[in-house]
Amino acid sequence: MKKIMGVIGYPIKHSLSPQMHSAVYDKLKLSMAYHAFEVRPDQLEIAIQGVRGLGLQGVNVTIPHKVEVMNYLDEIDGLAKEIGAVNTIVNVNGRLKGYNTDGEGYLRSLLAAMKEELSSKSVLMIGAGGASKAVSLTLAKHGVKQIVIANRTLAKAQELQSSCSRFAASSAMTIEEAEQRLDEFDIIINTTSIGMLPEIDAIPISLQRLKKGAFVSDLIYTPVQTKFLREAEEMGAPTLNGVDMFVYQGALAFEHWTNIEAPIDTMRNVVLKHLKGEK
Ligand code: NAP
């Protein structure tokens with residue numbers, strides 16, 4: 001009997017997870033199937049009961065359920081607890097354990113792209129929402145020289161900075177201050193939705209004071225290259241888009257479910273193909 005996996009979110013029809021995971025099952029000839037389930041927020045608890053009742057082996061969780069779903073699980077991994085959100089559930093004999101692979105997925109993509117250790121790097125995070133929380137805490141725990149959170153709502157940046165400060169030197173500031181002090185940072189990461197389709201002409205921060213050699217990254221992958229990354233590239237900066245974060249978070253989820261190493265290239269190719277509109 002095929003093992004059934006899936007992703008729950010609302011809305012869910014734009015998710016690329018079904019194509020990405022199905023390609024892995026085909027490639028590795030696994031008897032597994034992956035479905036997208038559209039679950040309204042008022043149906044979340046019953047949907048999670050359904051995961052137990054129907055014996056789904058593993059589930060990804062996406063917007064808007066990543067925080068609320070924690071209330072319905074049997075166990076939550078330490079990092080996911082710190083981040084305060086779950087994006088992967090593993091079902092072991094009816095016991096559901098929640099993980100968060102978003103931050104680790106981003107970290108793997110960053111290390112692969114930079115090919116350098118991060119311990120001497122000053123990092124500027126723009127944004128303090130869910131994605132920033134996952135990435136900031138993961139980077140702080142991994143070890144960076146310092147992490148600075150800049151956000152439109154300063155109180156949210158301060159709250160996240162306080163969580164990061166247990167693991168790395170950190171501070172919070174306004175976007176305007178970060179813009180003025182941009183030349184202090186080695187890695188700049190946009191975690192806001194500014195620049196995402198359809199608002200493709202917006203950028204989250206001016207790059208005028210970008211330090212020579214600084215690395216610029218955007219978690220957005222629709223479009224694959226945001227205006228922010230295009231400007232950085234035109235200034236000669238190395239850049240990283242959000243495609244590989246998405247790919248690696250999925251790879252880590254797959255590895256939690258199967259203990260089999262995920263074929264990253266297959267996953268990336270499928271995602272890029274769909275993003276380019278070739279199916
Ligand atoms: P979220 O929790 O809603 O956070 C949104 C963040 O963007 C907040 O910091 C918010 O600031 C800021 N923001 C939004 N509109 C703004 C504006 N007009 N001006 C200034 N700041 C603004 O969203 P999220 O889940 O963290 O997702 C953020 C982005 O990351 C999205 O584009 C998403 O696609 C991307 N993402 C990518 C991956 C991946 O796998 N590559 C994974 C997760 C997320 P305030 O706090 O002031 O509201």
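The angle separating the long axis of helix 44-54 from the principal Cα axis of greatest extent in the chain is about 50 degrees. Around the amide H of Tyr34, modelled in the peptide plane, lie the amide H atoms of Met5, all under 5 Å away and 5 or more residues distant in sequence or on another chain. Among the GluC sites (Glu not before Pro) found in the stretch 150-212, those both in a DSSP coil and sparsely packed, with 14 or fewer other Cβ atoms within 10 Å of their Cβ, are Glu199. Within the full protein context, the accessible area of Lys27 is estimated at about 120 Å² for a probe radius of 1.4 Å. Here's the list of aspartates and glutamates a cross-link from Lys29 could span, going by alpha-carbon distance under 18 Å and ignoring same-chain residues fewer than 8 apart: Glu255, Glu261, Asp265. Remark on Thr88: its backbone amide H falls under 5 Å from those of Val61, Tyr99, Thr101, a criterion applied only to residues 5 or more positions apart or on other chains, H modelled at 1.01 Å from N. Phi angles across the stretch 266-277 convert, under the Karplus curve 6.51 cos²θ - 1.76 cosθ + 1.60 with θ = phi - 60°, into 3J(HN,Hα) values of 4, 5, 4, 4, 5, 5, 5, 4, 5, 5, 7, x Hz, Gly and Pro given as x.
Do you know the relative contact order of the chain, to the nearest whole percent, from alpha carbon pairs under 8 angstrom that are 6+ apart?
Rounded, it is 16 percent for the chain.
Summarising the amide proton neighbourhood of Phe215: residues at separation of 5 or more, or on other chains, whose placed amide H is nearer than 5 Å comprise Ile187, Ile188. Among residues other than Gly55 with Cβ under 13 Å from its Cβ, the summed charge is +4 (Lys and Arg +1, Asp and Glu -1). Surface composition of the chain: carbon and sulfur atoms hold 49% of the protein heavy-atom accessible area at a 1.4 Å probe.
By the rule of a C-alpha distance below 21 Å, with chain neighbours fewer than 8 residues away ignored, the lysines paired with Lys115 are Lys141, Lys145, Lys211, Lys212.
Compared with the dominant principal axis of the Cα atoms in the chain, helix 102-114 is inclined by about 50°. A cut-off under 13 angstrom between Cβ atoms defines the neighbours of Gly129, and their net charge, with Lys, Arg +1 and Asp, Glu -1, is +2.
Seen through its C-alpha gyration tensor, with square-root eigenvalues sorted a ≥ b ≥ c, the stretch 202-279 comes out prolate because a/c lies at 1.5 or above while a/b is bigger than b/c.
How much length, in nm to one decimal, is gained on full extension between Asp26 and Val92, taken as 0.36 nm per residue of separation minus their Cα-Cα distance?
That pair, Asp26 and Val92, stretches by 21.4 nm at full extension.
Based on protein heavy atoms only, the chain ends up with 47 Å² per residue of surface accessible to a 1.4 Å probe. Is the shape of the stretch 142-279 rounded, prolate or oblate, going by the alpha carbon gyration tensor and its root eigenvalues a ≥ b ≥ c, with a/c under 1.5 for rounded and a/b larger than b/c for prolate? Oblate is the answer for the stretch 142-279, as a/c is 1.5 or above yet b/c matches or exceeds a/b. Were the residues from Glu117 through Gln49 laid out at 0.36 nm apart, the gain over their Cα-Cα distance would be 20.2 nm.
The values are calculated or read from the model by the stated rules, or taken from the named source; none is laboratory data. All values derive from a computational prediction rather than experimental measurement. As a convention, Cβ positions derive from the backbone with ideal geometry for all residues, glycine included, and neighbour counts pool all protein chains shown. We work out accessible area using only protein heavy atoms, side chains counted, and drop any ligands, DNA or RNA first. Shrake-Rupley method; radii C 1.70, N 1.55, O 1.52, S 1.80 Å.
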